[in-house]
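Okay, so here's the structure we're looking at.
The values are calculated or read from the model by the stated rules, or taken from the named source; none is laboratory data. These numbers were taken from a predicted model, which means no experiment stands behind them. Positions of Cβ are backbone-derived with ideal geometry, glycine not excepted, and every protein chain shown enters the neighbour counts. Only protein heavy atoms, including side chains, enter the accessible area calculation; ligands, DNA and RNA are left aside. Shrake-Rupley method; radii C 1.70, N 1.55, O 1.52, S 1.80 Å.
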Amino acid sequence: MTRPAKKQPTFALDPVLIIGTALSVLIGVIFYVKEDTAQGLGMVAGLIGGVITLQVQTLLREKRRIDHETRVGQMVATIEKIPWLPDLMLPMLRAAKHVEREYAGTPAADACRVAFEDCLRTLADLERGHFRTPYGDNAVFQRLIDQTKATMCATSVPSVDLTWWREPVGRQYWQAQLDALARGVTIRRVFIYHEWSEELESLAREQAAAGVRVRRVHVDRLPPAMRVISGVWDGTCGHELSYTAAGEAVHDTFTVSPPDLERLMTQFEMIERSAVELDEPRRQPDSVA
């Protein structure tokens, strides 16, 4: 069995140490050969000033190095605190490095930066408790209803989502609510309508028969800010649908921020107080717009 060869110690040469040693030797030589003390002291003062300048530069360089290592250390520590993040960060950084090395100066490098900036904007929204999903992505709704334990409060604007209720994704969403009702969850829904059609009547009756506490209100009885599709699950997550004036849905916005949840719940209760039961006579639409 051969023993591993001993590693020879390596010494980092400090430029300040080298220069300082050289200057010390130079000062000694000057005083040895010079008889004029004043001239020698002037030379010493100049050399001391040079040494001090070099030392200050070295201290600043060392401080920058320490600051850099501290920042890198903090980044690594932050990444390691989130169990799933290292497995994502490493390939992301590897891909960014490859793009920067191979495609620098091309639109691909610009697109890489934009991708990271978009990610930052998304994370900044999440930091405030907000996140978005494309309209039609039902995964978050399904998970929220499956996790609901006590209450779900929601509004519906049939001019926007009436056909959606009859589509497969809408029926899947409704089936999840039936399962929640079977678990004892209370569901309150207000339909905000322009015209109470037979199709809307059928939808509302179906939900009421299943146990949903259904109410209805004409759109003109609400201010524009309350003519919205929204929901709150157990007071822990809220939702608002963004849509155009033509009634075209754009995206779903979710929030877990306590102030937003309080606002959404207060808004729902105001809408609900303005609404009537299905069997109550419909109130005349007194416009508040």
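Are there any chymotrypsin sites (Phe, Trp or Tyr not before Pro) in the range 60-125 that are in a DSSP loop and have at most 16 other Cβ atoms within 10 Å? List them by number.
Qualifying residues, ordered by number: 84, 103.
Counting Lys and Arg as +1 and Asp and Glu as -1, each charge on the Cβ, what is the dipole of the range 88-244 about the Cα centre in debye, to the nearest 20?
460
Residues of the range 137-222: accessible area per residue at 1.4 Å, in Å²?
44
In whole percent, how big is the carbon plus sulfur part of the accessible area of the range 85-213, probe 1.4 Å, protein atoms only?
Of the solvent-accessible surface of the range 85-213, carbon and sulfur hold 57 percent.
If you put +1 on each Lys and Arg Cβ and -1 on each Asp and Glu Cβ, how big is the dipole of the range 160-235 around its Cα centre, in Debye rounded to 20?
320
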